[in-house]
Amino acid sequence: MNNDEFRAWSRRAADWGADYRDTLRERPVRPELSPGAIFRSIEASPPETAEPMDRIFADFEQKIVPGMTHWQHPRFFAYFPANAAPVSVVAEYLVSAMAAQCMLWQTSPAATELETRTVDWMRQALGLPDGFSGVIQDSASSATLAAVLTMRERALDWQGNRRGLAGQARVRVYSSDQVHTSIDRAIWVAGIGEENLVRIPVAGRFRAMDTAALESAIIADRKAGMLPAGIIACVGGTSTGGTDDIAAVAAVAKRHGLYLHVDAAWAGSAMICPEYRHFWSGVEEADSVVFNPHKWLGAQFDCSIQFIRQPEDLVRTLAIKPEFLKTHGHDGIINYSEWTVPLGRRFRALKLWFLLRAHGLEGLRTMIRNHVTWSEGLAARLAREADFEIVTEPMLSLFSFRHRAGADPDEHNLRLVNAINDDGRIYLTQTRVDGRVAIRFQAGQFEATAADVDAAFDVVTEIARGLA
């Protein structure tokens, strides 16, 4: 592809993207496909000779797009959002065109320095104190792994990377069962082992960790010769929005000298609104906090920010400095590859910079406040229906509900959520609450409207009554 062709096809791709966004409401949110249909439509062997772009692009439109779940659809109410505000997409065009590898300051000085500035903008926007520094990770999974590795190393007096875990006391980490499964994976990858992730009972509307039980578990483990290393608390857990009392958990962590990581991957974006910050009161005492601008805030995936109170501990855990990675003649610079598990790094700060400038914090606050208000309104409407029950009350814009019908309520509600998703007008997911199936709803898509949330009520009640 020469430069003229690159220019023409780039324009074609941009036009396609705008047309795609314009027509999303006309498409089913999730495709109706049998597994393997797309695979079978793709040639079994790679081409020996070059093919024209017209044919490649046509195959993209005819074979790939019909098989996509449309995460930018305004009626995507499943999982959590993976928003891509149009301005962040424009920034990603520029990042892709430059194709920089931003692992060190010297490999892309502007990328490093813009990351430092935009992360601090976000610190201010969330109301975190001056003492926090931060880094853009690819996802909360990587941020949590970095935090778990750091708490492991600190507990082992910085000997784990050098000596391994063999012969050491069993490292223990504490969380509730409301945390994301990325915590389990981080425990596996860090070599700590699933048996050493201690699940603390939860209580109350927000299914918060019982801090008395947490403290008792720590004391008992120490007496048994184990090595408590850290606590992972959550704000806005994936299943039902489970939220720990961060101030109370932080007090336990401080009394016992444990590292505290707070996973606010989804709900953290809402903290740009001061009225929601009570959900993570005490977060200033955490050692590490993660939230994903690529979820609710509108930055295109991937873009996850990890705030750290003592970045030197993170760097001590992860930094490796062979000669070819050293920057000579410059002191005091930041090489963010020393703050992350991967060495290679994309220029993620640019889309966040574009997003914050194009929408402003007040524009983003309005979006989040609307989502919360609309979700609370939908929960209230469903609660007034005789054949529906609200299982977990709204935590910000997330709640769960169940339809009362059928001899087997779990089987009936699974049939209901599958029928809703097969219908295609909206997309929901299921979860289990106290062992029983419930249906999750969250409002969070960047361009959703009140009418889209109203449509969810109509679809859910219509299909439920058809199954009853």
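A few notes on this one:
- Full extension of the segment from ARG205 to ARG381, taken as 0.36 nm per residue of separation minus the current Cα-Cα distance, would add 61.4 nm.
- Working note: Cα gyration tensor of region 385-432, eigenvalues times five, square-rooted, sorted largest first, giving semi-axes of 17, 16, 10 Å.
- Value of relative contact order over the chain, rounded to a whole percent, pairs C-alpha under 8 Å and six or more apart: 22
- DSSP beta bridge pairing in the chain, given as percent antiparallel to the nearest 5: 60
- Measuring spread by the Cα atoms of region 31-87 yields a radius of gyration and Dmax of 15.1, 43 Å.
- Ratio of the Cα radius of gyration of region 132-223 to 2.2 N^0.38 Å, where N counts its residues: 1.16
- Inverse of mean 1/r across different Cα pairs in region 223-329, Kirkwood, Å: 15.6
- Rg/Rg_ref, region 1-96, where Rg_ref = 2.2 N^0.38 Å and atoms are Cα: 1.26
- Inter-part distance where region 44-87 and region 407-465 are each reduced to a Cα centre, Å: 25
- Cα-based equivalent ellipsoid, region 276-318: semi-axes from gyration tensor eigenvalues, Å: 21, 18, 5
- At the residue level, ARG432 shows approximately 140 square angstrom of accessible surface with a 1.4 angstrom probe and all protein chains present.
- Estimated translational D of region 27-183 in µm²/s (Stokes, Kirkwood radius over Cα pairs; 20 °C; 1.002 mPa s): 101
- For the chain, radius of gyration divided by Kirkwood radius, i.e. Rg to Rh on alpha-carbons: 0.99
- Part-to-part distance (alpha-carbon centres) for region 355-370 and region 262-319, which is given in Å: 18
- If R0 equals 56 Å, the separation of the Cβ atoms of ARG369 and ILE333 corresponds to a calculated FRET efficiency of about 0.90.
- Pair LEU227, GLU51: separation of 7 Å Cα→Cβ label points (nm): 5.4
- Taking each residue as 0.36 nm, the span from GLU462 to MET1 lengthens on full extension beyond its C-alpha to C-alpha distance by 160.8 nm.
- Solvent-accessible area per residue for region 343-468 (1.4 angstrom probe, square angstrom): 39
- Full extension of the chain between ARG163 and GLU362 yields a length gain of 66.6 nm, computed as 0.36 nm times the residue separation minus the alpha carbon distance.
- Projected onto their three principal axes, the Cα atoms of region 353-468 cover extents of 54, 28, 24 Å, largest first.
- Normalising by residue count, region 9-49 has a Cα convex hull of 97 Å³ per residue.
- Mean residue ellipticity at 222 nm, helices only, the chain: -13000 deg cm²/dmol; runs of at least 4 DSSP H residues each add -39,500 (n - 2.57), and the sum is divided by the number of residues.
- Bridgeable aspartates and glutamates around LYS63 (alpha carbons under 12 Å apart, same-chain partners fewer than 8 residues away excluded): GLU43.
The values are calculated or read from the model by the stated rules, or taken from the named source; none is laboratory data. Here the structure is a predicted model, which means the values were calculated and not measured. Backbone-built Cβ (ideal geometry, glycine too); neighbour counts: all protein chains shown. All accessible areas refer to the heavy atoms of the entire protein, side chains included, with ligands and DNA or RNA removed. Shrake-Rupley method; radii C 1.70, N 1.55, O 1.52, S 1.80 Å.
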